[in-house]
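Student: Okay, here's the structure, questions in a sec.
The values are calculated or read from the model by the stated rules, or taken from the named source; none is laboratory data. Because the structure is predicted, anything quoted here is derived from the model rather than measured. Every residue, glycine as well, gets a Cβ built from its backbone with ideal geometry; the counts of neighbours run over all protein chains shown.
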Amino acid sequence: MGFFRNEFPRDKLYFILGADSFLEIQTWKDHEALLDSCDFIIASRPGFPLDQLRNAIPAKFFKAAPARGNRQTIALRNSEVHLLPAVRSHVSSTAVRERLKRGDSIHGLVPHRVEDYILQQALYR
């Protein structure tokens, strides 16, 4: 993230990812620096509980006074986490990757062109 911060020092940076991946953020390399350096947009399925995202964030990152108003945003000390509950698919990217690692088919789980690309590039194996 340091590269982007240096290249775009005055711009607001966003990291877009799925809820399943964000729940594992404490296992990421340099996750503390990342949580301080950009806002997150978390794609999830409708009804995903925001508390699950809160539980994935170390307590020291929360702002002293919680933000009022938007119930889909978590205010952190230097950034924010925004929940985007508009994903209509019931298939998570984590499930797709796990199926591919096992050698199982993903036919019908992703659009045809995405499936072709993943298979041609031998992604997630």
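Student: Output yes when any residue across the stretch 85-104 is touching a Gly at 6+ places or on another chain (Cβ under 8 Å) and at pLDDT 90 or above, and no when none is.
Tutor: No, every residue in the stretch 85-104 fails to be touching a Gly at 6+ places or on another chain (Cβ under 8 Å) and at pLDDT 90 or above.
Student: Right, here's the next one. All but one of (1) in a helix (DSSP H, G or I); (2) under 17 Å from the mean Cα position of the chain (by Cα) hold for V114; state the number of the condition that does not hold.
Tutor: With (1) in a helix (DSSP H, G or I); (2) under 17 Å from the mean Cα position of the chain (by Cα) applied to V114, the lone miss is (2).
Student: Separate question: Regarding the stretch 31-41, can at least one residue be identified that is at pLDDT 90 or above and assigned to a loop (DSSP other than H, G, I, E, B)?
Tutor: Among the residues of the stretch 31-41, at least one is at pLDDT 90 or above and assigned to a loop (DSSP other than H, G, I, E, B), which makes the answer yes.
Student: So, one more: If you check L123 against the conditions, is it in a helix (DSSP H, G or I) and touching a residue at least 12 places away in the same chain (Cβ under 8 Å)?
Tutor: No.
Student: A further question on this structure: Run down R71, R77 and say which single residue is out of contact with any Gly (no Cβ under 8 Å at 6 or more places or on another chain) and either buried (at least 16 other Cβ atoms within 10 Å of the Cβ) or over 30 Å from V96 (Cβ atoms) (or both).
Tutor: R77
Student: With the structure loaded, tell me whether P58 is closer than 30 Å to D11 by Cα, surrounded by fewer than 16 Cβ atoms within 10 Å (Cβ to Cβ), modelled with pLDDT under 90 and not aliphatic (A, V, I, L, M) or whether it fails that test.
Tutor: no
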